[in-house]
Amino acid sequence: MKLVVGSDHAGFPLKQEVAESLRQQGHEVLDVGAFSAEPSDYPDFAEAVALAVRDGRAERGVLLCGSGVGASVAANKIPGIRAAICHDSYSAHQGVEHDDMNVLVLGSRIVGPALAHDLVRAYLGARFTGEERHVRRLGKVKAIEARYR
């Protein structure tokens, strides 16, 4: 799968670990930064991840910042992006299955490496169900987005 990863300085060490693990699993990984632990701004990387997904350069994204909150808020400003912060495996797979989530956001100061790998695995292993109720709800979400574009 083609994936994009990004983080600010707080998420940098965990992003590096997650990206390497994804590569070892055979995924094609586009890393949009940060490229060091020097202080940086999460909106820059949230936008870069979101645009890579929106523009089709990646099928899904993984985005990290300290808490995950700021990156999630910023990524969701890009039309077509459905980013969610997940700190449990149920949300990581259910977000894809029911809501067609296309960016997983992790708080690197909240989850450790072992949990992060479990969350990414659950996220990537999930598929949108396509059930009528989920399609209907997703249509309503897209309609809200369209009204405020």
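Computed from the coordinates by the stated procedures, all read-outs in this text should not be read as laboratory data. Just so you know, these numbers come straight off a predicted model, no measurement behind them. Counting neighbours? That spans all protein chains shown, and the Cβs are built from the backbone with ideal geometry, glycine included.
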Just to check your reading of the model, which residue among ASP55, ASP31 is of a type in the set (D, E, K, R) and in contact (Cβ under 8 Å) with a residue 24 or more places away in the chain? ASP31
Kindly list the number of the only condition in (1) touching a residue at least 24 places away in the same chain (Cβ under 8 Å); (2) of a type in the set (S, T, N, Q); (3) touching a strand residue (DSSP E or B) at 6+ places or on another chain (Cβ under 9 Å); (4) under 24 Å from GLU131 (Cβ atoms) that fails for SER91. (1)
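Residue-by-condition table, conditions (1) within 15 Å of SER7 (Cα to Cα); (2) touching a residue at least 60 places away in the same chain (Cβ under 8 Å):
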site	(1), (2)
VAL73	yes, no
GLU97	no, no
SER108	yes, yes
ALA114	no, no
THR129	no, no
VAL141	no, no
GLU145	no, yes
Kindly indicate whether any position in segment 20-31 is of a type in the set (D, E, K, R) and crowded, with 24+ Cβ neighbours inside 10 Å. no
Can you pull out the helices (runs of 4 or more DSSP H) entirely within segment 30-100 that have at least 1 residues that are in contact with a Phe, Trp or Tyr (Cβ under 6 Å, 6 or more places away or on another chain) and not charged (D, E, K, R)? 69-75, 89-99
